[in-house]
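Laboratory data are not the source of any read-out in this text; all were calculated from the coordinates shown. Since the structure is predicted, the reported quantities are computational estimates derived from the model, not experimental observations. Here the Cβ positions follow ideal geometry from the backbone for every residue, glycine too, while neighbour counts run over all protein chains shown.
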Amino acid sequence: MKRIGMLAMVAAVLALPGVAVAAPEWRLEQPPPPPGAPGQGPVGQPADLQFLAPNFGLMLVDNEGLGGRNLFASGLLVFDGTGWRQLATVCGGPARSSRIALVSETEWWTTSRAVNELDGRVPTDGAATLCHFRDGVVASSYATALTNTLNPYPDMNAAACLGPADCWFGGPVVSTPNLGTFLLHWNGSALTPRLHPRARAVADMEPLGGSVVAPGSVGSGFDGTSFALDGTELRVQGEVDPFEPNGPQLLRRLQGGAVSVLDWPRIDEVEQLVDIRVADSAGGVLWLAGRDSQSYVAESEDGPFPQRRAPYLARMRDGDAEPTELTPGEDGLQLGDVVSDLAVLPGGEGAWAAIQTEPADRSRAIVARLGADGEVLERRELRRPDLEVGQASRIACPAVDQCWMVTTEGWVYRLSEPGLVLPQNTSPAIQRLITVRPRDERTPTLPPDTLVRDETPPFVAPPAEPAAPPVEAVAPKPLPSLLRVIGKPKIVKTKRGRRIHLRIQVRRRARVQLVGRRGGRTVARTATKTYRPGRYTLRMKASVRRWPTALRFVTRDLELPQGSGGGGEDDAGGGTGDTVTT
């Protein structure tokens with residue numbers, strides 16, 4: 001949803017006599033690299049791009065999608081009128097299924113993925129989560145319970161909000177045996193899931209009037225429904241969901257927590273089976289873009305075969321019963337073009353489209369400006385001789401002559417008048433870096449990073465028998481303790497796990513071993529080694545599942561006669577036999 005605020009600060013230019021006004025143009029405008037970065041580079045694989053005003057935009061990026069070549073962390077980037085910068089290093093996710101739902105300049109949602117705090121990796125169960133940003137922090141995080149392995153939130157590749165207490169999220173259900181629509185509704189206090197097992201998969205969501213319109217897809221490979229070529233007809237395999245008694249329907253209307261279907265398009269002809277993949281709205285007008293679900297069937301000497309058509313475009317106004325199909329024109333969208341994103345201009349009478357090609361050509365990014373009837377008014381190929389920019393991925397237009405486009409390789413382009421200056425947005429919600437995300441039902445539980453005091457009661461010897469008064473003698477000078485612990489134990493993460501590092505001082509030649517205990521049992525230990533007087537660091541490998549709660553030394557003083565005692569006032573004591581000290 002690329003909502004444009006009613007008070008959007010559109011730059012108005014007054015044409016004075018004799019003064020030429022520069023036309024808007026597309027140019028590469030890459031954000032400056034983060035502090036300490038070696039140089040400028042891609043922002044990451046774009047997942048979503050949304051604007052509320054020309055000086056307030058959010059970009060959701062995935063830093064795993066480009067093999068670590070990008071400089072920014074997975075999460076949110078913000079545009080405040082002066083430039084892009086990192087806003088949040090949490091609540092990121094895969095580019096194909098992470099979305100932003102804007103409420104205001106101080107509140108928004110993102111569909112995300114849970115992250116294992118132990119190693120920073122995404123769990124393998126594929127469960128999705130939700131992050132609720134409010135007033136400059138992640139106010140809450142939502143997910144199904146970690147023990148709920150059969151019904152986690154699936155990928156949610158669509159999100160839209162009508163207000164703080166009315167947000168929708170959705171996507172395809174892909175866990176067997178469920179294949180179809182997954183919806184999640186926020187009413188201001190709770191999330192309610194809706195599932196239609198064999199209906200169409202949700203592809204996008206956009207507000208239109210007082211409701212949210214959710215387009216979907218019929219085709220194979222997107223919502224689990226498969227198609228087969230049967231003679232000269234295309235038939236659907238699988239049962240029909242009661243939610244769609246008249247066959248597959250591509251549009252749903254979400255309003256007040258209720259879901260209904262729009263009777264569009266007609267599916268009595270194979271040519272009209274389409275996938276609506278992207279949508280955008282502005283000024284009470286909704287634009288839709290897609291392509292044939294599999295194609296229509298054409299005849300040849302070898303029999304029927306699928307044949308691809310150019311992208312499909314439609315437009316719907318608030319109050320219309322169904323969308324109107326648009327015609328891009330003979331020189332418009334071509335065979336092999338795929339509309340990856342739409343940006344409807346304020347007023348809804350035109351749009352910019354991000355175009356990808358099949359087969360993929362990553363040396364150029366294609367954008368096309370569409371007129372009110374869908375005709376292509378302008379088609380631009382953005383190239384750079386010094387780099388592979390990738391294909392156009394996400395596009396947004398907060399004003400008629402101000403647009404942003406991000407490529408699949410993480411390069412940012414801007415359409416505006418040269419030298420355009422916007423006022424800086426000073427909203428408190430975007431002034432500091434957000435690095436903390438609250439725990440939710442899918443956050444893994446980890447052992448503490450600090451050692452816990454051993455609560456096992458110490459051994460107390462029974463009272464000794466009264467002894468005869470000792471013979472007066474000159475007390476020998478007490479020996480210093482054998483060991484002295486320097487500082488506190490440290491926990492160090494390595495590629496092979498976690499290790500406990502402990503600094504000690506050995507005062508006499510001795511054999512020393514460090515032992516980790518938990519619940520009265522030994523769970524970790526170092527090798528027994530002979531040390532000369534000096535300072536050393538003992539390194540003990542420990543398992544996270546069997547983390548030690550106490551550390552002990554096993555020592556043997558090699559400089560005292562066998563059987564003699566020793567000890568002092570310091571940390572670790574000493575002696576001649578095998579001595580266990582805490």
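Quick one: grab the alpha carbon gyration tensor of segment 308-437, order the square roots of its eigenvalues as a ≥ b ≥ c, and give me rounded if a/c is under 1.5, else prolate or oblate depending on whether a/b is larger than b/c.
Numbers: a/c = 1.84, a/b = 1.26, b/c = 1.46.
Note, shape of segment 308-437 comes out oblate.
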Checklist entry - Tell me, R384, R498 in order of fewest to most beta-carbon neighbours within 10 Å? => result R384, R498
Checklist entry - Can you give the net charge of the other residues whose Cβ lies under 10 Å from the Cβ of P533, counting K and R as +1 and D and E as -1? => result +4
Checklist outcome for this item: Rounded to the nearest Å, the spacing of the alpha-carbon centers of segment 315-385 and segment 152-168 is 26
Checklist entry - Around S98, what is the net charge, scoring Lys/Arg as +1 and Asp/Glu as -1 over all other residues with Cβ under 15 Å from its Cβ? => result -1
Checklist outcome for this item: Cβ density ranking, 10 Å radius, fewest first, applied to V523, V339 yields V523, V339
Next on the checklist: Going by average Cβ density within 10 Å per residue, which order do the peptides 511-519, 550-558 take, highest to lowest?
Outcome noted: 550-558, 511-519
Checklist outcome for this item: The exposure ranking of L162, L387, L313, fewest beta-carbon neighbours within 10 Å first, is L387, L162, L313
